[in-house]
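Okay, so here's the structure we're looking at.
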Amino acid sequence: MPRALLALCIGAFGIGTTEFVVMGMLPEIAEGLGVSVSAVGILISAYAIGVVVGAPTLTALGLRFTPRQTLVALMVIFVVGNTLAALAPSYGLLVAARVLTALAHGSFFGVGAVAARRLVPPDHATRAIALMITGLTLANVIGVPLGTFVAQHAGWRIVLAGIALIGVGTIAGLLAWMPAGPGEPTDLKAELHAFRRGQVWLVLALTMIGFSALFAVYSYVSPILTELGGIPTEWVTPVLALFGIGTTVGTLAGGRLGDRYGFSFVAVGLVAMAGVLVAFAFLARTTVAAVALLVLFGTLSFAIGPVVQNAVIDAARVPGGSLVSAANQGAFNVANAVGAALGALVISQGLGYTAPMWVGAVLALVGAVLAVLARRSAVADVGLVDCRPEPTVTSAA
């Protein structure tokens, strides 16, 4: 494995931790700043807005620089944002610091995915992206639980300061291991031209709809486990850790399967997700089955992630592809909002906690249809020449 991929993985771990750890620190932050827990919850929405805004904006600004320069600059923003958040004397300044931190999120994954592909042979592209995304899944297994524990015993500011240090380590790794040469020659006009391709929009729509299935269910996983599965509250965290392990295994397996089967794997994976959610709806009150199906659902959901990220870059058919790659990260955050909103809608109608599972199953099936259409569009494009250059070979590999 090229060591530059390790630097990208560490950066993804830091980003994943800072995004999700706030959910476990809401009471501590509220008490420390003298505001309500619901007010602190706005930090989650503010971060999502920052991701959607920052992904295309900073990626476009970074096109004139080398991938290493862009990634280092994004990590500098990440470090500054977390440092300011750790020192924030008021709630308003904390919100501003969180938005600043989030600006780097989508662009880092967008540019990082393109950079990761260049570090390996073309037939290992999905696997390289999966290795980077593994940092994000490990954040839910290690970073978030550890950060929550530290916040409860030593303070939330220490957690954010520690995350800033992870960013510093990422910068050091990028400077030491990421190739310093220019990436694929491109410009903003060429990158924007990719959005004229219907296949790109099919993949982005797939991300927004297919991954909404994940968030329609996962957003309400705690009451699903406790009220339907009969799991004691204190056991929710260990179950979520198992879910995180499942997502990590799924990401790594998806990288290999995606390189072998391509977009066909996405369609099959989404149909399988729908089947698991239907089974979950019927077996949610059986504790062992509920836990097993939840972990399997997480494994399948994250297995298709690297394949979709690689597919949207391929669909662009332009040198580089960083802008569509970053746009896919924005689409993923839209899926987060849409899925959670649809889950809340059916619950508020008194349909119970199995209703989000049925919503998720429908969304997954719609995503599978889009995957089939995207694959057919790709097959129709086989006559076009793949514009990816040969992978960069460095001594760090």
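For the chain, relative contact order (Cα pairs under 8 Å, six or more residues apart, normalised by length) works out to 26 percent.
Taking each DSSP H run with n ≥ 4 as -39500 (n - 2.57) and averaging over every residue of the chain yields -26000 deg cm²/dmol at 222 nm. Across segment 216-244, the residues whose backbone nitrogen lies under 18 Å from the label position 7 Å along the beta-carbon direction of T287 are 222-243. Counted over all Cα-Cα pairs of segment 185-387, pairs farther apart than 28 Å make up 29 percent.
Could you tell me what % of all Cα pairs in the chain have separations over 33 Å? Let's see the in-between values first.
Values: 21927 of 78606 pairs.
Roughly 28 percent, rounded to a whole number.
Our summary gives segment 1-183 a relative contact order of 43 percent, counting only alpha carbon pairs under 8 angstrom and 6 or more residues apart.
Legend: helices of the chain (whole DSSP H runs) are marked when their alpha-carbon atoms reach 18 angstrom or more along the helix axis and their mean Kyte-Doolittle hydropathy is at least 0.0; marked are 3-33, 42-61, 67-87, 91-118, 125-138, 156-177, 236-261, 263-283, 287-303, 322-348, 355-380. Going toward the positive end of the dipole of the chain, with +1 on Lys and Arg Cβ and -1 on Asp and Glu Cβ, which of I29, G135, V318 do you reach last? My answer, from the dipole projection, is V318.
Distance from the Cα centroid of segment 165-232 to that of segment 33-112 is 15 Å (rounded to whole angstrom).
For the chain, the dipole from Cβ point charges (+1 on Lys and Arg, -1 on Asp and Glu) about the Cα centre works out to 580 debye, to the nearest 20.
So what is the relative contact order for segment 185-387, in percent, with contacts set as C-alpha pairs under 8 Å and at least six apart? Relative contact order for segment 185-387 comes out at 42 percent.
We did not get these values from a lab; they are worked out from the coordinates using the rules stated. Not measured: the values here are computed from a predicted model. Ideal geometry is used to build each Cβ from the backbone, glycine not excepted, and the neighbour counts take in all protein chains shown.
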